[in-house]
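Visitor: Sharing a structure here in structure tokens format.
The values are calculated or read from the model by the stated rules, or taken from the named source; none is laboratory data. Quantities reported herein were computed from a predicted structural model and do not represent experimental measurements. Cβ placement follows ideal geometry from the backbone for every residue including glycine, while neighbour counts extend to all protein chains displayed. These area figures cover heavy atoms from the full protein model, side chains too; ligands, DNA and RNA do not enter into them. Shrake-Rupley method; radii C 1.70, N 1.55, O 1.52, S 1.80 Å.
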Amino acid sequence: MIERPETAVPSIAQRNLEGYVGFANLPNQVYRKSVKRGFEFTLMVVGESGLGKSTLINSLFLTDLYSKDYPGPSQRIKKTVQVEQSKVLIKEGGVQLTLTIVDTPGFGDAVDNSNCWQPVINYIDSKCEDFLNAESRVNRRSMPDNRVHCCLYFIAPSGHGLKPLDIEFMKRLHDKVNVIPLIAKADTLTPEECQLFKKQIMKEIQEHKIKIYEFPDTEDDDDNKLIRKIKEKMPLAVVGSNVVIEVNGKKVRGRQYPWGVAEVENGEHCDFTVLRNMLIRTHMQDLKDVTNNVHYENYRSKKLAAVTCNGVDTSKTKGQLTKSPLAQMEEERREHVMKMKKMEAEMEQVFEMKVKEKKQKLKDSEAELERRHEQMKRNLEAQYKELEEKRRVFEEEKANWEAQQRILEQQKLDASKTMEKNKKKGKIF
Amino acid sequence: HSPLVFSSHNSSGGSTLLGYIGIDTIIEQMRKKTMKTGFDFNIMVVGHSGLGKSTLVNTLFKSHVSRKSAGWARDEKIPKTVEIKAVSHVIEEGGVKMKLTVVDTPGFGDQINNDNCWEPISKYINEQYEKFLKEEVNITRKKRIPDTRVHCCIYFISPTGHFLRQLDTEFMKRLSHSVNIIPVIAKADTMTLEERQEFKQRVRKELEVSGIEFYPQKEFDEDMEDKSDNDKIREAMPFAVVGSDKEYQVNGKRVLGRKTAWGIVEVENPNHCEFAQLRDFLIRSHLQDLKEVTHNIHYETYRAKRLNENGGLHPISSSDTQESNL
């Protein structure tokens, strides 16, 4: 057993086992499970057209991802930067790899290339967002990992240094994805030119504080030596080819020139083997881990902090991004309760006011009614008196008329009586 | 030389000489004159940085005549705007003196936004025409007007192997009518022979489709001999070149080349690249023609345009104190 120095958790003591327990088999179990599940890897290639990106991909994975029937994006002229992805399933030794290649045709090809990195950034963010949503769902059974694990940036072999476009792009993407810069078409440069160029590039990368992918130090000394050698060769100068040529009786992949054959897999000709070993054979898992632990977490915390700040006054939330979510929730709750109380008080006030108003109104209308009532009564009385007066007059008239009638009657009666009398008397001469 | 003999006319109208007059010595006289006075040649190189422009110019004239060798550092920063830097040298060969001016354009095509990066170049070319025009229009002219006009503009195409870039076609379209443009494929050791052929064909087709007339222009072929010569050249253009100022030993000979881990690229070997063809074309056969086309055609076009506008020659800038001489 390897004795480790005391860690910061002193309560865990190491014990020697008295027999074989069997948990040393754990890595095998993990391995078997992973193999069954299969692996996913997403690789993005960025660079101006004509730098040999498609050829390099074909060389790396020994497949014809881009062939004559399905030509690479560089064969089609693009007006704006597109982001295209192609998936391929590779099986080797029982292990299954779902490889996704993301290509960016049109990058840096126009006359005005401002913001040509925006589609790339949008793509990477959207993949992170998909993963974030999948992670936050209730049902998390299947979480496909489509995040971009590695971005190979192709630098044109000018021999001088980085172009402004290169610097801008890398500065904007080093926080979102693992950036590995490569010198494309390295067979253009002689070994001395290549050295100078690499030094110049690394100097400029440090000057502009660009964080390219760092190989992690392992504990094994031998591995460390290898890693240090790789670090010295950064950025890797690569040559790609799918054509097999015969050299000294051996079949190698390379490019045939009138003055010789540039072999792709020859370590003295270019750094292709270094790239392939690093990318596929040793550091694929580490690239995925860094993407998951660093870049994705950055994205996640930025995204979630932005969401929780939305409902609250922004001037109060400056510097609250580092608070733990629970404390933030507590704070939010308190604020919410206060708000509710305030609203309640306000509503009560409003209610009171309204009630008073209403009462006042009612009183007013009551008084108004009273007044009208009085007036009507007076009117009525006046009318009554008038009528009384009329009636009296009428009564008088009636009495007069009756008296007259009586007199008339009497006269009539008298007259008839005298007539009778006269008749009787025979006053009829 | 025999004494002057009078010729007699015959019925066909031409005159057969009865003796040797010596008219053909005029060629010799011209040659002597030219050697004494020397002549100017101005060459401009355009292309974005890292395409080997300076190295090629050095290789062409087999001496350190480019801006890079004149004291500028190799890894100077890319300028923010296109600059025009002219460096002159006097080189001599076989008794003939040539004042060679190399005009470099650092910063072309290097920015993120390269809109109108051809404007400083266009302005420079027109300024040289303007200078010449002013001198020509003067009442008292100088005996020999200094000729700073750009006789030839070598445009470097990046060896992507796929297509011409948008910037390339834009530049060439705009400038092919004011200066002789010779497109070359730079850093040709990037491509294998098949790739080179394919790329050349594609580039030629694209140039044709865009209507870009590069030198030697078809319309200026004077006779059948010229035409057939130039046709051959036009078929082979754009030349795929490699430049180098280092010498290596190959098969007992010292050659200019580039040494890689898998072989030495010989610059002057026609099987390796077309540098020798370009050099012969540019210097050994068409040097004078370049100057003539610039003077008779491009300059005249400019002059006619200038004299036609505003009905006369007015000073362009307000700071010009020379009087108008028309």
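Visitor: Suppose we take every Cα in the range B:37-308 and form the convex hull; what volume per residue is that in Å³?
Guide: Looking at the range B:37-308, the number lands at 162 Å³ per residue.
Visitor: Tell me which lysines have Cα within less than 24 Å of residue A:342's Cα, excluding those fewer than 8 residues away on the same chain?
Guide: Hits, sequence-local ones excluded: A:316, A:354, A:356.
Visitor: Roughly how many whole Å is it from the C-alpha centroid of the range B:17-63 to that of the range A:330-374?
Guide: 103
Visitor: Only counting protein heavy atoms at a 1.4 Å probe, give the residues of the range A:163-183, ordered by number, whose accessible area falls by 40 Å² or more when the other protein chains are present relative to the chain alone.
Guide: SASA drop of 40 Å² or more in the range A:163-183: A:163, A:164.
Visitor: A further question on this structure: Can you give the relative contact order of the range B:184-279 as a percent, counting alpha carbon pairs under 8 Å and 6+ residues apart?
Guide: Relative contact order of the range B:184-279: 28 percent.
Visitor: A drop of at least 50 square angstrom in accessible area, chain alone versus all protein chains together, probe 1.4 Å. Which residues of the range A:99-123 meet that?
Guide: Output list: A:111.
Visitor: For a distance above 37 Å, tell me the whole-number percent of Cα pairs in chain A that qualify.
Guide: Looking at chain A, the distances longer than 37 Å represent 54 percent of pairs.
Visitor: Just list whichever of A:198/A:251; A:225/B:259; A:163/A:211; B:32/B:85; B:99/B:218 have alpha carbons separated by over 23 Å in the model shown.
Guide: Beyond 23 Å: A:198/A:251; A:225/B:259; B:32/B:85; B:99/B:218.
Visitor: Moving on to the next point. Counting pairs of alpha carbon atoms under 8 Å apart in space and at least six apart in sequence, what relative contact order in percent does the range B:37-308 give?
Guide: Once normalised by length, the contact order is 18 percent.
Visitor: Around residue A:237, which amide H atoms from residues at least 5 apart in sequence, or from another chain, sit under 5 Å from its own amide H, with H modelled in the peptide plane?
Guide: A:183, A:271
Visitor: May I pose another question? Let me check something: with ligands and nucleic acids excluded, how do B:184, A:30 order by accessible area (1.4 Å probe), largest to smallest?
Guide: Of B:184, A:30, the descending order of accessible area is A:30, B:184.
Visitor: Just by accessible area at a 1.4 angstrom probe, what is the order of B:31, A:141, B:204 from largest to smallest?
Guide: A:141, B:31, B:204
Visitor: Sticking with this structure for a sec: Could you work out the helix-only [θ] at 222 nm for the protein assembly as shown, with each DSSP H run of four or more residues adding -39,500 (n - 2.57) and the total divided by the number of residues, to the nearest 500 deg cm²/dmol?
Guide: Mean residue ellipticity at 222 nm (helix-derived): -13500 deg cm²/dmol.
Visitor: How much accessible surface does residue B:206 have with a 1.4 Å probe, in Å² rounded to 10?
Guide: About 50 Å², rounded to the nearest 10.
Visitor: Turning to a different aspect of this structure: Amide H of residue B:244: which non-local residues (sequence gap of 5 or more, or other chain) have their own amide H closer than 5 Å, using H built in the peptide plane?
Guide: B:59
Visitor: Another question about this same structure. Over the range B:225-288, average the accessible area per residue using a 1.4 Å probe and give it in Å², no decimals.
Guide: Ligands and nucleic acids excluded, the result is 49 Å² per residue.
Visitor: Of B:97/B:291; A:171/A:229; A:53/B:232, which pairs sit farther than 27 Å apart, going by alpha carbon to alpha carbon?
Guide: Going by Cα-Cα distance, A:53/B:232 fall outside the 27 Å limit.
Visitor: Largest first, what is the accessible-area ranking of A:143, A:376, A:284, A:170 with a 1.4 Å probe?
Guide: Ranked from most to least accessible, the order is A:376, A:143, A:284, A:170.
Visitor: Next question. Could you report the accessible area of residue A:307 in Å², rounded to 10, computed with a 1.4 Å probe on the protein chains as they sit in the structure?
Guide: 90
Visitor: Pairs of Cα atoms under 8 Å, at least six residues apart: use those to get the relative contact order of chain A, whole percent.
Guide: 12
Visitor: Explain nothing, just compute: Karplus ³J(HN,Hα) = 6.51 cos²θ - 1.76 cosθ + 1.60, θ = phi - 60°, for every residue of the range A:181-197 in order, whole Hz, x for Gly and Pro.
Guide: In residue order, the calculated couplings are x, 10, 8, 7, 6, 5, 6, 6, 9, 6, x, 5, 4, 4, 4, 4, 4 Hz.
Visitor: At 1.4 Å probe size, with every protein chain present, just tell me what the per residue accessible area of chain A comes to in Å².
Guide: 68
Visitor: So, one more: Roughly how tilted is helix A:296-308, in degrees to the nearest 10 and between 0 and 90, from the longest Cα axis of chain A?
Guide: 10
Visitor: If you count only protein heavy atoms and use a 1.4 Å probe, how large is the accessible surface of residue A:334, to the nearest 10 Å²?
Guide: Roughly 130 Å² of residue A:334 is accessible to a 1.4 Å probe.
Visitor: Let me spell out the model: positive unit charges on the Cβ of Lys and Arg, negative unit charges on the Cβ of Asp and Glu, origin at the Cα centre of the protein assembly as shown. What dipole size does that give, in debye rounded to 20?
Guide: Dipole about the Cα centre, nearest 20: 3200 debye.
Visitor: Carbon and sulfur together cover what percent of the accessible area of the protein assembly as shown at a 1.4 Å probe radius?
Guide: Exposed carbon and sulfur together represent 52 percent of the surface.
Visitor: Treating the beta-carbon of each Lys and Arg as +1 and of each Asp and Glu as -1, no other charges, what is the dipole magnitude of the range A:201-270 about its Cα centre, to the nearest 20 debye?
Guide: So the dipole magnitude of the range A:201-270 works out to roughly 420 debye.
Visitor: Angle between the Cα long axis of helix A:118-136 and the longest principal axis of chain A, 0 to 90 degrees, nearest 10?
Guide: Its long axis makes an angle of about 70 degrees.
Visitor: Excluding ligands, DNA and RNA, what is the accessible area buried between chains A and B, summed over both sides, using a 1.4 Å probe, to the nearest 100 Å²?
Guide: So the buried area, both faces added, is about 3600 Å².
Visitor: If you take the square roots of the eigenvalues of the alpha-carbon gyration tensor of the protein assembly as shown and sort them as a ≥ b ≥ c, do you get rounded (a/c under 1.5), prolate (a/b over b/c) or oblate?
Guide: Oblate shape, in that a/c is at least 1.5 and b/c is the bigger or equal ratio.
Visitor: A follow-up question, please. What's the angle, to the nearest 10 degrees (0 to 90), between helix A:221-233's Cα axis and the longest principal axis of chain A?
Guide: 80
Visitor: Related question: Just to be sure I understand: with springs between alpha-carbon atoms less than 10 Å apart, which residue in A:207, A:402, A:48 has the highest mean-square fluctuation in the Gaussian network model of chain A?
Guide: Its mean-square fluctuation being the largest, the pick is A:402.
Visitor: When chain A is treated as a GNM, springs tying every alpha-carbon pair under 10 Å, which of A:159, A:254, A:93 comes out with the largest mean-square fluctuation?
Guide: In this elastic network of chain A, the residue with the biggest mean-square fluctuation among A:159, A:254, A:93 is A:93.
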